[in-house]
Amino acid sequence: MSKSAMRGGAVPIGIDAELTALLEREEFGILPIGTADAAMRLMYPQPAPYQHSPAAWIQDVLGEFVWSKQEEICQSVVDNKITMVKACHGPGKSFIAARIGAWWLNVHKLGDAFLVSTAPSWPQVQAILWREMRRAHRLGNLPGRITLDCHWHMGEGRSEEELIGMGRKPADYDEHAFQGLHARFILIILDEACGIPVPLWNAVKTLATNDNARILGIGNPDDPGSEFAHMCKPGSGANVISISAFDSPNFTGEYVPDEVAENLVTPGWVEDRRKDWGEGSPLYVSKVLAEFPDVTDEYLISPSLIQTGLQLDLPGVEKGRYGADIARFGQNKSVVYRNRGGQIRFVDAWALMDTMKTTGRIVDIVSKHHRANPVPVTVDATGVGGGVVDSLKEQEFNVTPFEGASRAWRPDKFINRRSEAWWTFRVMLEAGEIDLDPTDETLLAQLQSVKWWINSAGKIQVEPKEDMMERGIASPDYADAAVLSTVHNTPLTVQMVEGSVAQDLLQKVM
């Protein structure tokens, strides 16, 4: 054997087996059977069999199926320092991100590898990605333990354990969040990457300094102004993968087991979104086509404002106010939202009811509260809504009528009351006073689908429902109800963000 081999260099094929046999020959009696073999494995460790094959590891170790786009993501993490995945709704993106994280920690030697993940909110860290991590841990009977605070510890015993993976909370969003986290092989996963702020992206980039580091960003391409969108552009250094709904096996016919197909986006879901949102709506472009929407200034509420509302976490403990948009018959719906100190949440929706039945439905909602401490409700009094208002007043409920075509509180700035109410809602989003529900996709779609302009008299006008329906966009019944939940019977004062478009327009400095 050469001196270089004895110092730890590569052992030529056959030499290790030859040396082992020699040392264990019975007549020499030098070592017990098996000792030399163990020593050779320690001195000359072979690469882990799945180190370059995460998809095979998922299939063989966890016993789970990986379809073609998921396999492409797996291989990209092996081959590329940075992988960005802009994906539609429901392609199994958090599933594959979690499996890649588990693979990473189990094919590298303990102490060499570290995983850190984050997402826009703590529930997204804990209940989505790390829920999937725990499933992978259980399915593969993997070593170590995962705690409820999203820490993966591995080692022989509690006293010898080492922290090898962790999920970061939103409170850690600053450029110093990841200081001190170092490893030979480090993987950073950014789940729901579109909602992650720039400071955290900067912190991530400070971690991935060596050639073995990997960054995986994955999410819906909702906001064209986000850092995720920037990272998905040419020249960012990232390998970018797109997964449209039409790439799903449920559209292409690619074979997947039935239990996998049931968890992927379906043609029925896409058709429902086409009808509800319209093919040109920003949310359809993002959630179905997996592209960043080309949103211009003609839209009242931008994706970045939506992200502001999604990232806000208000307590929602105030009595608040209901908002009710009223429809009679046809495709439109009557919808009720509740606003509790800026926390806007869906309550109920129904269609094909006359005004008496609609009144009864609203009475059922507001009657849940004691008459001595009623929750007020703002009702769209236009058209058939007027009868609902009259009936509620007759029953002595605390109701505020709203007529969108009526005179604005500030007639010098707005063409009508509806435009003023929608504009105020936008200002509240800018000011960080609106908490939106990330699961309420209908509301998020409708809020982003409304246009605005300045008319010939220099007044702000928000697009009427009829104009939206003419261009193939569904009537924004959910969004109107959400806006109405912020409307009082007196002008609402909101502290506007310095230098915002809303402030500049109202001060006529644009």
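The values are calculated or read from the model by the stated rules, or taken from the named source; none is laboratory data. Keep in mind it's a predicted model, so treat the numbers as computed, not measured. Cβ: placed from backbone, ideal geometry, glycine included. Neighbour counts: every protein chain shown. Remember, those area values only see protein heavy atoms, side chains included, never the ligands or the DNA or RNA. Shrake-Rupley method; radii C 1.70, N 1.55, O 1.52, S 1.80 Å.
A few points about this structure:
- THR378 of a type in the set (Ser, Thr, Tyr) and in contact with a Ser or Thr (Cβ under 9 Å, 6 or more places away or on another chain): yes
- Candidate set from segment 285-297 (those that are in contact with a Lys or Arg (Cβ under 8 Å, 6 or more places away or on another chain) and open to solvent by less than 10 Å² (accessible area, probe 1.4 Å)); member that is farthest from SER242 (Cα to Cα): VAL288
- Lone qualifier among THR382, THR358 - being crowded, with 22+ Cβ neighbours inside 10 Å and not in a strand (DSSP E or B): THR358
- Given (1) at pLDDT 85 or above; (2) surrounded by fewer than 20 Cβ atoms within 10 Å (Cβ to Cβ), number of the condition ILE164 does not satisfy: (2)
- Criterion (out of contact with any His (no Cβ under 6 Å at 6 or more places or on another chain) and either of a type in the set (A, V, I, L, M) or open to solvent by less than 20 Å² (accessible area, probe 1.4 Å) (or both)) met by exactly one of SER68, SER76: SER76
- Number of the exception - HIS108 against (1) at pLDDT 95 or above; (2) buried (at least 19 other Cβ atoms within 10 Å of the Cβ): (1)
- Residue tally, condition at pLDDT 95 or above, open to solvent by 30 Å² or more (accessible area, probe 1.4 Å) and assigned to a loop (DSSP other than H, G, I, E, B), over segment 225-244: 0
- Taken over segment 202-214, the residue count meeting the criterion of being β-branched (Val, Ile, Thr), open to solvent by 10 Å² or more (accessible area, probe 1.4 Å) and touching a residue at least 24 places away in the same chain (Cβ under 8 Å) is 1.
- Condition check for VAL125: at pLDDT below 95 and touching a Cys at 6+ places or on another chain (Cβ under 8 Å): yes
- Residue within segment 473-489 that is crowded, with 17+ Cβ neighbours inside 10 Å, out of contact with any Leu (no Cβ under 7 Å at 6 or more places or on another chain), without any contact (Cβ under 8 Å) to a residue 40 or more places away in the chain and at negative phi present: yes
- Here LEU392 meets each of (1) open to solvent by 30 Å² or more (accessible area, probe 1.4 Å); (2) outside any loop (DSSP other than H, G, I, E, B) with one exception, condition (1).
- When residues of segment 308-329 are limited to those that are in a loop (DSSP other than H, G, I, E, B) and closer than 30 Å to ALA193 by Cα, the one farthest from the chain's Cα centre (by Cα): VAL317
- The requirement of being at pLDDT 90 or above, open to solvent by 60 Å² or more (accessible area, probe 1.4 Å) and touching a Phe, Trp or Tyr at 6+ places or on another chain (Cβ under 7 Å) is fulfilled nowhere in segment 298-310; no residue meets it.
- Residue count for segment 191-201 satisfying the condition of being surrounded by 14 or more Cβ atoms within 10 Å (Cβ to Cβ) and either in contact with a His (Cβ under 7 Å, 6 or more places away or on another chain) or outside any loop (DSSP other than H, G, I, E, B) (or both): 7.
- Only a single item in (1) among the basic types (Lys, Arg); (2) closer than 18 Å to ASP437 by Cβ; (3) open to solvent by 70 Å² or more (accessible area, probe 1.4 Å) is not met by ARG345, and it is number (3).
- Identity of the residue in segment 114-127, in contact (Cβ under 8 Å) with a residue 24 or more places away in the chain and open to solvent by 10 Å² or more (accessible area, probe 1.4 Å), that ends up farthest from the chain's Cα centre (by Cα): PHE114
- In segment 425-459, residue least open to solvent (accessible area, probe 1.4 Å) [restricted to those that are hydroxyl-bearing (Ser, Thr, Tyr) and within 16 Å of ASP325 (Cβ to Cβ)]: SER449
- Test: residue in segment 327-340 that is surrounded by fewer than 20 Cβ atoms within 10 Å (Cβ to Cβ) and at pLDDT 95 or above: yes
- Just one of (1) open to solvent by 40 Å² or more (accessible area, probe 1.4 Å); (2) more than 20 Å from TYR322 (Cα to Cα) fails for ALA408. It is (1).
- Flag for SER281 being crowded, with 16+ Cβ neighbours inside 10 Å, modelled with pLDDT of 90 or more and among the polar types (S, T, N, Q): no
- Residue list for segment 85-113, filter: aliphatic (A, V, I, L, M), over 23 Å from the mean Cα position of the chain (by Cα) and part of a helix (DSSP H, G or I): LEU105, VAL107
- Scan of segment 395-431 for residues that are among the aliphatic types (A, V, I, L, M) and in a helix (DSSP H, G or I), ordered by number: ALA421, VAL427, MET428, LEU429
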